[in-house]
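Coordinate-derived values only; no laboratory data. Quick caveat: nothing in here was measured; it's all calculated off a predicted structure. Here the Cβ positions follow ideal geometry from the backbone for every residue, glycine too, while neighbour counts run over all protein chains shown.
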Ligand SMILES: *Cc1c(COP(=O)(O)O)cnc(C)c1O
């Protein structure tokens, strides 16, 4: 840290992303990426001719990408906003709909970036604890008079709320924006997109990073009524008009139009999730019912941090969070069936060698 950094920034604790080690080959089950490659149409869309065109700026309106997304979701292009990762969409939304006098309400156990952005943007955080079993009580979000963000399914728990419960939150907060972060919705939860035309205060945010195998392309999108989207564009055109690069625009449109490939991959991940969950249960783990591409699990045989370390030494990365409430837990991304077989075998070995026997 230099002596020039402002005290505000010096006091900020930035987000810690999951490890992306470049040294050796791990089985990577720590950042919820897809184990499958992007649609083959993505490689076809990115030709040498398109690489040559990188000398030109990208389309600031992202017209073809927005047409592809709007077509898939039954919306108008003016109801969709592209982001450089859904992180950017969420950041734009916080910039647009929160400030010093309009706090952001969110759960104690949820996506860590919400709190980090509140710090960066001087937005007061209203943290609402989840229940003992990590479920979210929707009534705690009624009539808050604050902007709300809910990850649905939530991370790192994987638990999802039914659409009808989110609808009640929308109804009980007509004067405030409710952001529903649907990063994992394609793995079995109910999307709030069908509510967009009924609730002008609803903003749904989705991403290409998990279910569409394009984490490295950095592409997300927000969906909501045209006025909300215009507000987000005000932020975008005040910060970074060319926020999506040319190759990612092409990749995103091609991927969105390959529905069959997308559905097949999501189904494969959900199958592997069911298998993994059953195997973990057989090893004595407690798991939460997951609607996402990961499983949140704990065992009485050892603390979460030790399991994480032991797996890492054996070449498998999972995610462990230091927060006291979830220190016993690890979050395991669903990989290929073969990766999960190795993960289960390795976990079994670790428990046999190091675990405390059950009482
Ligand atoms: C992964 C994730 C995101 C951000 O993903 P991007 O790669 O920026 O699109 C947003 N919200 C949640 C809950 C996530 O897990």
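Listing 187, 321 from the residue with the fewest other Cβ atoms within 10 Å to the one with the most, what is the order? Before the final figure, lay out the partial values.
Values: 187 23, 321 19.
Least crowded to most crowded, the residues run 321, 187.
Of the peptides 277-289, 252-264, 11-23, how do they stack up when ordered by the mean number of other Cβ atoms within 10 Å, highest first? Can you show the working numbers first?
Working: 277-289: 15.5, 252-264: 17.8, 11-23: 10.3.
Ranking the peptides 277-289, 252-264, 11-23 by packing returns 252-264, 277-289, 11-23.
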On Cα atoms only, tilt of 226-239 relative to the major axis of the chain in degrees: 90
The chain - mean residue ellipticity at 222 nm from DSSP helices (-39,500 (n - 2.57) per run, n ≥ 4, rounded to 500): -11500 deg cm²/dmol
Among beta bridges that DSSP assigns inside the chain, antiparallel share in %, nearest 5: 55
Angle in degrees between helix 304-313 and the longest Cα principal axis of the chain, rounded to the nearest 10: 90
The chain: angle of helix 86-97 to the longest principal axis, Cα-based, in degrees nearest 10: 60
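Taking the Cβ of each residue in 180, 51, 342, 269 as the centre, tally the other Cβ atoms inside 10 Å and list the residues starting with the fewest.
Working: 180 26, 51 11, 342 16, 269 23.
By the 10 Å Cβ count, ascending, the order reads 51, 342, 269, 180.
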Rough spin-label spacing in nm, given labels placed 7 Å along Cα→Cβ, for residue 172 and residue 56: 5.1
